[in-house]
Amino acid sequence: MRHVLFQDPDPASAGPPVPVWADAATPTPGPEQVLIEVHAAGLNRADLLQRDADYRPPAGESAVPGLECAGRIVALGSRVTDLRIGDRVCALLGSGGYATHVVAPRAQVLAVPDGWSMTEAAALPEALATAWWNLRMLGGLRPGDRVLVHAANSGVGTMAVRLARALGASVAGTVRTAALAERVRLLGADPVVVSTAADAERTLREQAPEGFDIVLDLVGAAVAGLTLTGLRTGGRWLCVGVLSGDEVALSLRTVIRRRLVLTGGSIRSLPAAEKAAIIADVRRRGPWAAPDGIRPVLAAAYPPAGVTAALEHLERGGLLGKIVLDFSR
Ligand SMILES: NC(=O)c1ccc[n+]([C@@H]2O[C@H](COP(=O)([O-])OP(=O)(O)OC[C@H]3O[C@@H](n4cnc5c(N)ncnc54)[C@H](OP(=O)(O)O)[C@@H]3O)[C@@H](O)[C@H]2O)c1
């Protein structure tokens, strides 16, 4: 098999570590695992953070990047009885998705719905599990709730907009540029506020005066003012990402007076049993696999040889949805 590792750049270059394909031994699945021949792998912001050494893989995970993939099962662990060789699956991974083969815990595998391409399926697990865990399991989203999604154009954000809508919520979003606002509106978010505008807080107050039950925060410090402006009394601030910084001035008196709830967590570093519980809940109750179910938004696909360009594209931002590596290209 082959997989990607980040190598230090040429000392003369000031650039970041470089993704390089390398040969490796094909792993054997443990009793509760399956071996997947990877047909497509999703990229995530965490891959860039890992490349830049801001985010180490959790203990027990390999240095091979990649938090999700789709492909066919080519070997089964001895205790896996409900899957078959050849099944089309996608999987939430702790690492290792940028590879021709990867082992995945059986409990973190989902069937690829009929009619879906492998590239679509590869873009599903991380964004869906993150959105589901936060909105449903931590945030307790109910039909009729009002949800604000920061970075609504991102991989997780686009999925969260679609998921919250599918669960009966009304959804608003923030993005950094006006060009993306219209595209996010077409996904079903309204209003969509440009968070970098000087009058963003006033605009949000005017356009969503009733406030939000839930804010899904993928951004952190730069939008904390919008979060606190937007939350209604009793609202829930679901802290998922801190790309713009992790320190905010927060009046605890405000938290008490407005009965705010703040949650946080990183899906990658959850114990295996908790990841399994999220995927089991998605499998049981998620609207993702229905014929008219929600699908991930794909921004671009690259061949495996284009992994450097794919990561550069992700880093440039301004995307709507996810980037994937497509191994059929
Ligand atoms: N806690 C968890 O379990 C978990 C799981 C998955 C993801 N995450 C986090 O969720 C966030 C989104 O992940 P993703 O993979 O969906 O990301 P992504 O597709 O790469 O999108 C990143 C988003 O963040 C915006 N952004 C980047 N830097 C920013 C800054 N300095 N200020 C404001 N906005 C900024 C980008 O805006 P532009 O497009 O305009 O550049 C884009 O909307 C990341 O922080 C990631 O680490 C957390």
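The values are calculated or read from the model by the stated rules, or taken from the named source; none is laboratory data. Remember, it's a predicted structure, so these values are computed and weren't measured experimentally. Neighbour counts are summed over all protein chains in view; Cβ atoms, including those assigned to glycine, are modelled from backbone coordinates with ideal geometry. For the accessible areas, the whole protein counts, side chains as well, though only heavy atoms, and no ligand, DNA or RNA atoms are used. Shrake-Rupley method; radii C 1.70, N 1.55, O 1.52, S 1.80 Å.
Observations
- Per-peptide average of other Cβ atoms within 10 Å, ordering 122-135, 47-60, 206-219, 147-160 highest first: 147-160, 122-135, 206-219, 47-60
- More than 23 angstrom apart: percent of Cα pairs within region 118-204: 22 percent
- Phi to ³J(HN,Hα) by Karplus 6.51 cos²θ - 1.76 cosθ + 1.60 over region 10-20, Hz, x for Gly, Pro: 3, x, 6, 9, 8, x, x, x, 10, x, 10
- Per-selection Kirkwood Rh - region 128-266 (Cα, Å, 1 d.p.): 14.5 Å
- For Ala299, the residues 5 or more places off, or on other chains, whose built amide H falls under 5 Å of its own are Lys322, Ile323.
- Each residue of region 157-232 gets 79 Å³ once the volume of the Cα convex hull is shared out per residue.
- Relative contact order computed over the chain (Cα-Cα under 8 Å; 6+ residues apart), in percent: 17 percent
- Cα-derived Rg to Rh of region 1-130, Kirkwood definition: 1.00
- Per-residue ³J(HN,Hα) for region 100-115, Karplus 6.51 cos²θ - 1.76 cosθ + 1.60, θ = phi - 60°, Hz, x for Gly and Pro: 6, 9, 8, 8, 9, x, 3, 6, 10, 10, 10, 5, 7, x, 4, x
- Across every direction, the projection of the convex hull enclosing the Cα atoms of the chain has a mean area of 17.1 nm².
- Working note: Cα atoms of region 222-329, range along each principal axis, descending, whole Å: 56, 36, 30.
- Average accessible surface for the chain: 44 Å² per residue, computed with a 1.4 Å probe over protein heavy atoms with every protein chain in place.
- Cut-off under 5 Å, modelled amide H: who pairs with Ala40 long-range: Ala70, Phe327
- Its DSSP H runs of at least 4 residues, each contributing -39,500 (n - 2.57), put the calculated 222 nm mean residue ellipticity of the chain at -7000 deg cm²/dmol, to the nearest 500.
- Sequentially through region 47-53, phi angles give Karplus couplings (6.51, -1.76, 1.60; θ = phi - 60°) of 5, 5, 5, 5, 4, 8, 6 Hz, Gly and Pro residues having no value and appearing as x.
- Among 186-194, 172-180, the order from most to least packed when residues are scored by Cβ within 10 Å on average: 172-180, 186-194
- In region 128-266, a dipole from Cβ-located charges (positive for Lys and Arg, negative for Asp and Glu) runs towards its positive end, and of Pro143, Gly211, Gly235 it is Pro143 whose Cα lies farthest in that direction.
- Rolling a 1.4 Å probe over the protein heavy atoms of the chain, with every protein chain left in place, gives an accessible area that is 52 percent carbon and sulfur.
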